[in-house]
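J.: Sending over a structure as structure tokens; questions will come in a sec.
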Amino acid sequence: MGGVGEPDWGPEQRGAPLPTLRWEQIRRHNLPGDKWLVIERRVYDISRWAQRHPGGSRLIGHHGAEDATDAFHAFHQDLSFVRKFLQPLLIGELAPEEPSQDGPQNTQLIEDFRALRQAVEDMKLFEAKPTFFGLLLGHILAMEVLAWLMIYMLGPGWVPSTLAALILAVSQAQSWCLQHDLGHTSIFRNSRWNHLAQQFVMGQLKGFSAHWWNFRHFQHHAKPNIFHKDPDVTVAPVFLLGESSVEYGKKKRRYLPYNHQHLYFFLIGPPLLTLVNFEVENLAYMLVCMQWMDLLWAASFYARFLLSYIPFYGIPGALLLFVAVRVLESHWFVWITQMNHIPREIGHEKHRDWASSQLAATCNVEPSLFIDWFSGHLNFQIEHHLFPTMPRHNYRRVAPLVKALCAKHGLSYEVKPFLTALVDIIRSLKKSGNVWLEAYLHQ
């Protein structure tokens, strides 16, 4: 199980001391098919096992040759269960004189964040309220029924059809939020129940693959706003974000008029993300990865939708209603999910500690009962990224503790008004476009 150029020590032998390793040795093992990582000062060879990792090989591979301790705690609820899978991969431990993290990192911040996490666990903030999530599912189903009843009782005229499309779009948006909670295993104690419920919500209520979503979304959480690791910001050559603006400018790349990307964003960003990009990417993933159960769940959504509305509209009208709902839903998705990220730092891997990397890529939006509901509590993006398995109804309680940690270490804890956060997306796109133009024209 050893990596390229290293001895194969195999699993820890009973009673035998573990080989000690230095960061200099570990750094060599961050290649495709040759990955080591460190968790709690123990070194694991994940080269062959990565393909079987439930979160995907890319997710765990993004932490190659790094200390993944905080990521390990952030993504897993039942650590004792997960450690059973780690044991056969154990090949050594860090030498006593080696630091727990590689490179210049804030050791005190890491210690304080881990103390905060322990305090949060003691406060039982990782425990979900079943009633809260039950009501969320109930109001989603109620909106689906209400939209159908509106057409059934009032007929397929323009006014009822418009109202039905708006209601269905809100239902779809709230379904995104609920499946997001389930994907992070933040509702049920048993991970399997979370995954089964997510397949129902994502498949039957939305027509997408739960596995596809988790594949891309967990990468976003592991390495937010990092090119080639976070799919959400790896959007060049359509849009240029952060450091890619300078790179494209210096290399004289001009596939689109990037100095006007803040304008064409309105044409191809919010309207088309879920209708075109997600639909194609989702279908390709299910077919290539042979996720046949997800494909059946998605087919059940389309069957239900078409059978519900074809009697009123015919096939062309039902498809037009579907497109209208997807476009409306897509606007919600883009604005709500990107208002916390695009205006923040975007670039290449910096190998920061967990807390620093999450804080550099996120900001919050001022809370209110409406904004909390409308955004699925993603206005608490900082808390969500630091503690991805925490039920969202506890973000308000943990927020003051996170803010205090940031104040102690001089870290940015940015909270914006809702409209300012939306406008900042456009400002950031315009700024990146101007940076590209300046670099492009510079001789």
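The values are calculated or read from the model by the stated rules, or taken from the named source; none is laboratory data. Not measured: the values here are computed from a predicted model. With ideal geometry, Cβ positions are generated from the backbone for all residues, glycine too; neighbour counts draw on all protein chains shown. Each accessible area value is taken on the protein alone, full model and side chains, heavy atoms only, with ligands, DNA and RNA left out. Shrake-Rupley method; radii C 1.70, N 1.55, O 1.52, S 1.80 Å.
J.: Leaving out ligands and nucleic acids, and using a 1.4 Å probe, what accessible area per residue does the chain come to in Å²? Before the final figure, lay out each step's value.
T.: Values: 20790 Å² over 443 residues.
It amounts to 47 Å² per residue over the chain.
J.: Grab the other residues whose beta carbon is less than 11 angstrom from that of residue 221, score K and R as +1, D and E as -1, and report the net.
T.: Details: positive: 216, 223, 229; negative: 230, 232.
Here the count lands on +1.
J.: Binning at 5 Å from 0, report for the stretch 20-104 what percent of all alpha-carbon pair distances ends up in each bin.
T.: Per 5 Å bin, starting at zero, the Cα-Cα P(r) for the stretch 20-104 comes out as 3, 15, 28, 28, 17, 8, 1 percent.
J.: Could I ask something else about it? Multiply the residue separation of residue 300 and residue 234 by 0.36 nm, subtract the distance between their alpha-carbon atoms, and state the gained length in nm to one decimal. Kindly include the intermediate steps, with their values, before the conclusion.
T.: Working: separation 66, 0.36 × 66 = 23.76 nm, distance 3.13 nm.
My answer for the length gained is 20.6 nm.
J.: I'm spelling it out carefully: the read-out is Rg and Dmax of the Cα atoms in Å, the candidates are [x] 23.2, 77; [y] 36.4, 117; [z] 22.1, 71, and one was derived from this structure. Which label?
T.: It is the value labelled [x].
J.: Add +1 for every Lys or Arg and -1 for every Asp or Glu among the other residues with Cβ under 11 Å from the Cβ of residue 77, and state the total. Please report the intermediate quantities before stating the final value.
T.: Values: positive: 189; negative: 78, 121, 127.
Local charge sum for residue 77: -2.
J.: What chymotrypsin sites (Phe, Trp or Tyr not before Pro) in the stretch 211-265 are in a loop by DSSP, with at most 14 other Cβ atoms within 10 Å of the Cβ? Intermediate values should be presented prior to the final figure.
T.: Numbers: sites: 212, 213, 215, 218, 227, 239, 248, 255, 258, 264, 265; in loops: 227, 239, 255.
Filter output for the stretch 211-265: 255.
J.: Given the Cα-Cα distance of residue 40 and residue 129 and 0.36 nm per residue of separation, how much length would full extension add, in nm? Kindly include the intermediate steps, with their values, before the conclusion.
T.: Working: separation 89, 0.36 × 89 = 32.04 nm, distance 3.11 nm.
Stretched out fully, the residue 40 to residue 129 stretch lengthens by 28.9 nm.
J.: Now, a different point. Given the rule -39500 (n - 2.57) for each run of at least 4 DSSP H residues, summed and divided by the residues of the chain, what is its mean residue ellipticity at 222 nm, to the nearest 500 deg cm²/dmol? The partial results should precede the final answer.
T.: Details: 18 runs with 243 residues, N = 443.
Counting only the DSSP helices, I get -17500 deg cm²/dmol.
J.: In the chain, carbon and sulfur make up what percent of the accessible area (probe 1.4 Å)?
T.: Values: 13420 of 20790 Å².
Reported share for carbon and sulfur atoms: 65 percent.
J.: Sticking with this structure for a sec: Gain in length, residue 112 to residue 408, computed as 0.36 nm per residue apart minus the alpha-carbon separation, to one decimal in nm? Kindly include the intermediate steps, with their values, before the conclusion.
T.: Working: separation 296, 0.36 × 296 = 106.56 nm, distance 0.97 nm.
Extending this stretch completely gives an extra 105.6 nm.
J.: Kindly work out what percent of the DSSP beta bridges joining two residues of the stretch 20-104 are antiparallel, to the nearest 5. Present the calculation step by step, with values, prior to reporting the outcome.
T.: On the way: 9 of 12 bridges.
About 75 percent, rounded to the nearest 5.
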